[in-house]
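The values are calculated or read from the model by the stated rules, or taken from the named source; none is laboratory data. Predicted model only: the values in this text are computed from it and were never measured. FYI the Cβ positions are ideal-geometry reconstructions off the backbone, even for glycines, and counts take in every protein chain you see. Calculation scope for accessible area: heavy atoms of the full protein, side chains included, ligands and nucleic acids excluded. Shrake-Rupley method; radii C 1.70, N 1.55, O 1.52, S 1.80 Å.
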Amino acid sequence: MLLSSCASTSRVAAVLPKAEPVLYEWYGEGLQGPVKVDIVLDEQIAYVTIGGEDAGWSYLATGLPKYATPTGSFKILEKVVDKHSNLWGVIKDEYGTTVNSDARNGRDPVPPGGRFMGAQMPYWMRLTNSGIGMHVGVIPQPGLPASHGCIRLPRGFAIELFSVVKLGTPVTIRGSTPYARDYNLSRATGAVSSDAIVAMSTLR
């Protein structure tokens, strides 16, 4: 009887959907005062304070070793709700078929009649004049980098952060980027949040 019960439980567990990881928490409602963002590359986590009090934290995905996210002290230089990259995106042929899903504008060839389409970067918060910023993006494997240098955030957290930061809000990026042992494996097997709204291959 006991064995039968255990077998039944195992079958039920096998069909239950896998729980998605908790990517962020936000508890900044009602807090007032200066906003500060602290990004720790070793952890691939951002910490936010408002008026000196904890307002939330979030996993993020920064640049791969080949496209390292810069460290140092920055300020938010620009805020755009609906932003598209002018550097990275996809190339489509004349029929609208994607022929390059990880294209760099001006570097990768565009077929006759085709076009380059910049990657979507919603809730964009610019940190450098060279194109590094924070925005909505896929976190394919929490704790590991995945981008071309920008800082990807879960959609819900990006919206909350966007609503409280201003131009000039300080952002500190410190630590060192964890090494992604196999980027392709990370893309294939990492837990992708349903919060993300665009394909990882088309994000900076």
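Residue under question is P145, and the condition is that it be part of a loop (DSSP other than H, G, I, E, B), in contact with a His (Cβ under 7 Å, 6 or more places away or on another chain) and either under 27 Å from W57 (Cβ atoms) or at pLDDT 90 or above (or both); does it hold? In short, no. A Cβ distance below 7 Å, combined with a sequence gap of six or more or placement on separate chains, defines the contacts here; from region 44-67, residues that are without any contact (Cβ under 8 Å) to a residue 40 or more places away in the chain reach residues that are part of a loop (DSSP other than H, G, I, E, B) and buried (at least 24 other Cβ atoms within 10 Å of the Cβ) in the pairs I45/L60. With the condition kept exactly as written, say whether any residue in region 126-135 is more than 24 Å from L167 (Cβ to Cβ), modelled with pLDDT under 95 and either of a type outside the set (V, I, T) or surrounded by 15 or more Cβ atoms within 10 Å (Cβ to Cβ) (or both). No - not one qualifying residue is present in region 126-135. Evaluation of G113 against the conditions (1) surrounded by 15 or more Cβ atoms within 10 Å (Cβ to Cβ); (2) over 15 Å from H148 (Cα atoms); (3) modelled with pLDDT under 95 shows that the sole unmet condition is (1).
Within region 53-73, can one find any residue that is open to solvent by 70 Å² or more (accessible area, probe 1.4 Å), touching a strand residue (DSSP E or B) at 6+ places or on another chain (Cβ under 6 Å) and β-branched (V, I, T)? There is at least one residue in region 53-73 that is open to solvent by 70 Å² or more (accessible area, probe 1.4 Å), touching a strand residue (DSSP E or B) at 6+ places or on another chain (Cβ under 6 Å) and β-branched (V, I, T). Every residue in region 136-171 that is open to solvent by 40 Å² or more (accessible area, probe 1.4 Å) and either hydroxyl-bearing (S, T, Y) or without any contact (Cβ under 8 Å) to a residue 12 or more places away in the chain (or both), please. Hit for region 136-171 is S163, nothing else.
Name the residue that is nearest to V35 (Cα to Cα), counting only residues in region 148-180 that are outside any loop (DSSP other than H, G, I, E, B) and not hydrophobic (A, V, I, L, M, F, W, C). For region 148-180, the residue satisfying everything is P170.
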